[in-house]
Amino acid sequence: AAGSDDSYLARLNPEQRAAIETTDGPLLVLAGAGTGKTRVLTTRFAHILLTGRARPWQILAVTFTNKAAREMRERIGTLLGSPAEGLWLGTFHALCARMLRRHAEVVGLTQSFTILDTDDQLRLLKQVMEPWRIDTKRWPAPGLLGAIQRWKDRGLTPARVTPAEDTDFANGHARAIYEAYQTRLRQLNACDFGDLMLHVTEILRSQPDILAQYHRLFRYILVDEYQDTNTIQYLWLRLLAKNSSGQSNICCVGDDDQSIYSWRGAEVENILRFEKDFPGAQIVRLERNYRSTRHILGAAAGLIAHNGERLGKTLRSGRDDAEGDKVSVTAVWDSDAEARAVCDTAERLRGQGHSLAEMAILVRAGFQTRAFEEQLIQSGLPYRIVGGTRFYERSEIRDAMAYLRVLAQPADDLAFERIVNVPKRGMGPAALQKLHAAARADGVSLAIVTPRLLDNGTLKGRSGEQVRALMNAYASTHDILAREGHVVAAEHLLEESGYLDMWRQDRSPEAPGRLENIKELIQALADFPTLEAFLEHVALVMEKDENAQDARLSIMTLHGAKGLEFDCVFLPGWEEGVFPSQRTLDEGGLKGLEEERRLAYVGITRARKLAMIFHAGSRRIYANWQPSMPSRFLEELPDEHVSRHTSGGRQQRGLQAAQSLFSDGPVVASRTRRPSNADTPAPFQPGDHVRHARFGVGIVLSADRHQVEIVFETAGTKRLLSSFIEKL
Ligand code: ATP
Ligand code: MG
C-alpha cells in the first residue's frame, strides 16, 4: 500500500518532509531530542527505494547500536511492505567488518581473519612487549592497549604516529610496540576491534580503485547520532561520501546536546564543521517534539540551558495532549528507600494501566542496578537489564562470589577452580590436574589439598608462591571473619588475594565500573547477619526464573538509553558523586560537567509521559552510611515544570538529619546494621605517619574504622585495611 502512494509522507510535518524529499546533495538535520530525526532517516531510506532512486544495497546507513539497526530494518520493511534484504545497514563496526572481509588481502589478512576479544588482545600485547623489558608496574599492558586504541580511534596507524605523540607511554617505546603488535596480529591473521575501522579506512585511502567502487555502489549515505562519531568514523564517512563527481548524497542527523561519548573519542566538532566539509550542504532544523509532554520538555530545556557551548535549538511540543504531569523530584531517606520508592511507584503505575514494558529505570553507573534488581524481585515485578548483565551474573561479581564461597565452604571445588587462576597465578590445566588427582586420592577438596601440595613441593616455583599467597590470604581472612565479621573479611580477602588489584591495574574502560560493582557487592553483605545467609540469598535470587512472555520493566544506563523512548522513566541517584559522577567531580573541568549535563538531558527526554527523578539522603560506602548531597542538576530544573516531594515523614526527618550532618562537615553517619564495633573511632587520623610491610612509609590521607587511605613515599596512594598498618 505504502508503495503505491506517498501516504507515508503525509504523516510528517513540513520540515520533516523537506528533510526526506531533499534527497540529493549533503544534508544535515540538526534537532533536539524526540523531534523525529531517526524517523526521518528511516522514512528517507524507504522513500529513496520507493521512488526508484536506488536499489536496497545502494544505500549505506549507519546506526549507533545493533539494536537501532534491527529496529530500523524492521521499520523499513514495514514501510516497503516486505522485508528488506542485503542492506548495508548497521553500526560502524559491523559495516567495516563486512568491508574488510572483501578486501582483507590489501592489509595482509585473508578473508577468514578472526576478531580478537579484549582478553586475547591483552595476552598478545604482553607477549609483544616482552623484548622491550618495560617496567609493567609503571606501564601496565592494559594502559598501553588503551593508548593504542585511542590512536586507532584517531585514525593513526603506527606510521602516522608522530614522535611528539609517543612521549607519554613506556618511555617513548609505545609506537614501536604498537607497530610490533600490528605485525603480530597480521601474522595471526587477526585484528582487534579498532582495526576494523582503521584497516578499512587505510584501504580506502590507499586504493583509489576500491574507493571508486564504493562511490559507484553507495548512492546515498545515512547517519544517525552524528554528534557521537569519533575521528576515524568521521574519516571513513568523508572518504565514502566525497566522490569525484562532487555530488555527495549524505544525510546526517544529530543533536549537539546529546553528545555523550567524548570519553570514547567522539568529537562533537564533526557536526559543527559539516557545512565546511560538504560545501552547499543544506541544514534542516526540526523543532517539534512528538515524544514528550510540555513539562518534560520544559524541564529538559531549562537544564541544558546551563551548558555554555551549544548551537542552540528551539524545542516545542508537537503533541496535542501537551501539558501532562510535571517532572517529579523525590527526596528519599537512603538508597534502599529509593529502590522501594521506585518499585512502589512502578507497581502503582501498572495498577493504573501502564505496561511494565513502557517503564525504564535509567542509571548513571552499573553498580546502581543491584538495589533495584533485588527490590523488583521481592515485589515480583519482571525486569530486564538492557545492554548489560544482571548484577549477580556479571563476571566480576561471579568471581568475587566464588572467592566468598570458598571462604564459607572450602569444599566448593567449582568456586575454587574459578578463582585459583584469577588473577593469573600460573595455574594451567596441567597444574590443576595434579590438584584434582591429589584431592581425589585424599578424598578432600581442592582448597584443602592445596596447602599439602605446597608443603611437599608438588606445587613450587613462582606459581607455587602465588598460590601460597592465596592460601595465606584465606588463612588471615578466617581470622578476620571471626574477629571483625564478614563485611571486613570479604573486603580483606578480595584485597589480599590480589583480585581487586587485578582490576585496578586494568586500564580498559570497563574496569572502574567493575570495581564499583565489587564495592557494591561488599556493601550488600552488610544487609545480612552472616556470610552464609548472604550466599543463600544470592542463590535464591538467581534461581527465580522469569517468564519470557511477561512485559518487563527495563533497567539500563543513561548511555545505553540514547535514541530510545518510554512512557515512564525513573531517574534515580541524582546526587553529587553519583550524577554528576565522582570521576567528573574529581577531574574538576567544565567539559566533563557539561557532558554529564547532556547525559541528564538525554535521560529526561527519554520520557513520553512521566519523568521521575529520585535522590537519596545517604548512601552506603563500605559498611558505613554517608550523607549525600542532592545533584546540582536538581537546582537547574525550572520550578514551573517540576514538583518536589519527600517520600514519607520519617524519611523526611532522616533526610534532614543526614543533610545537617553533611553541613557540619564530612561526618560519617554510623548506621551499620551489624553491631560489631560500630562506635569505636577510626584508629588513624589524617596526617599520621605509618608503615606498611609491603609499601613502606607513608602519610594517612583519610581513614575510617576499617580503611585507611595512605600516600606512600614510593608506592603512590593506596587504600588499605587498618589492621595491616602500623603507626610510627
Ligand atoms: P532522539 O534525539 O532521542 O534520538 P529523534 O529525534 O530521533 O529522538 P524519533 O525517535 O525519531 O526522534 O521520534 C520521537 C517520537 O516521535 C517517535 O515515537 C516518533 O514515532 C514520533 N514522531 C516523529 N515524527 C512524528 C510526526 N510527524 N507525527 C507524529 N509522531 C512523530
Ligand atoms: Mg533518534
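Here are the numbers:
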item: Per-region count, region 152-167, residues closer than 18 Å to ARG186 by Cβ and either part of a helix (DSSP H, G or I) or in contact with a strand residue (DSSP E or B) (Cβ under 6 Å, 6 or more places away or on another chain) (or both); result: 4
item: Single residue of THR680, THR672, THR717 found to be part of a strand (DSSP E or B), at pLDDT below 75 and not assigned by TED's automatic domain parsing to the domain that holds GLU495; result: THR717
item: Some residue of region 35-55 being touching a residue at least 12 places away in the same chain (Cβ under 8 Å), under 28 Å from GLN258 (Cα atoms) and assigned to a loop (DSSP other than H, G, I, E, B); result: yes
item: The one condition in (1) surrounded by fewer than 20 Cβ atoms within 10 Å (Cβ to Cβ); (2) at pLDDT below 90 that LEU459 fails to fulfil; result: (1)
item: Unique match (being modelled with pLDDT of 95 or more and in the same structural domain as ALA212 (by TED's automatic domain parsing)) among LEU27, LEU12, LEU50; result: LEU27
item: Cross-chain or 6+ apart pairs with Cβ under 6 Å, region 156-177 first and surrounded by fewer than 19 Cβ atoms within 10 Å (Cβ to Cβ), then among the aromatic types (Phe, Trp, Tyr); result: PRO158/TYR178; HIS173/TRP132
item: Verdict on THR314 being farther than 29 Å from ALA94 by Cβ and in contact with a Gly (Cβ under 6 Å, 6 or more places away or on another chain); result: no
item: Every residue from region 442-471 that is under 19 Å from GLU496 (Cα atoms), β-branched (Val, Ile, Thr) and either part of a loop (DSSP other than H, G, I, E, B) or in contact (Cβ under 8 Å) with a residue 40 or more places away in the chain (or both); result: VAL467
item: The listed residue being free of Cβ contacts under 8 Å to residues at least 24 places away in the same chain and within 29 Å of the chain's Cα centre (by Cα), out of ARG425, ARG398; result: ARG398
item: Residues being in a loop (DSSP other than H, G, I, E, B), out of contact with any Lys or Arg (no Cβ under 6 Å at 6 or more places or on another chain) and more than 16 Å from ligand 2 (Cβ to nearest atom) - total across region 61-117; result: 13
item: Matching residues, region 218-240, being of a type in the set (S, T, N, Q), more than 23 Å from GLY36 (Cα to Cα) and in a helix (DSSP H, G or I); result: THR231, GLN233
item: Top-ranked residue in region 283-340 [being of a type in the set (Lys, Arg), within 16 Å of ligand 2 (Cβ to nearest atom) and part of a loop (DSSP other than H, G, I, E, B); ranked as nearest to GLY603 (Cα to Cα)]; result: ARG291
item: Criterion violated by VAL268 - all others in (1) farther than 28 Å from ARG11 by Cα; (2) at pLDDT 90 or above satisfied; result: (2)
item: Residue satisfying condition, being buried (at least 21 other Cβ atoms within 10 Å of the Cβ) and assigned to a strand (DSSP E or B), within set CYS343, CYS252; result: CYS252
item: Filter result for ARG44 (assigned by TED's automatic domain parsing to the domain that holds LEU239, touching a helix residue (DSSP H, G or I) at 6+ places or on another chain (Cβ under 6 Å), within 16 Å of ligand 1 (Cβ to nearest atom) and modelled with pLDDT of 90 or more); result: yes
item: Filter result for ILE260 (aliphatic (A, V, I, L, M), in the same structural domain as ASP24 (by TED's automatic domain parsing) and either at positive phi or more than 16 Å from ligand 2 (Cβ to nearest atom) (or both)); result: no
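Table: residues versus (1) within 16 Å of ligand 1 (Cβ to nearest atom); (2) farther than 29 Å from VAL107 by Cα; (3) in contact (Cβ under 8 Å) with a residue 24 or more places away in the chain.
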site	(1), (2), (3)
THR201	no, no, yes
SER206	no, no, yes
ARG216	no, no, no
LEU235	no, no, yes
LEU239	no, no, yes
GLU269	no, yes, no
GLN282	no, yes, yes
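Each row is one residue, and each column tells you yes or no for (1) surrounded by 18 or more Cβ atoms within 10 Å (Cβ to Cβ); (2) within 20 Å of TYR234 (Cβ to Cβ); (3) of a type in the set (Val, Ile, Thr).
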site	(1), (2), (3)
ARG70	no, no, no
LEU89	yes, yes, no
ARG101	no, no, no
ASP135	no, no, no
ALA147	yes, no, no
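The values are calculated or read from the model by the stated rules, or taken from the named source; none is laboratory data. As the structure is a prediction and not an experimental result, all values here were calculated from the model. Positions of Cβ are generated from backbone atoms using ideal geometry, with glycine treated the same way; all protein chains shown enter the neighbour counts.
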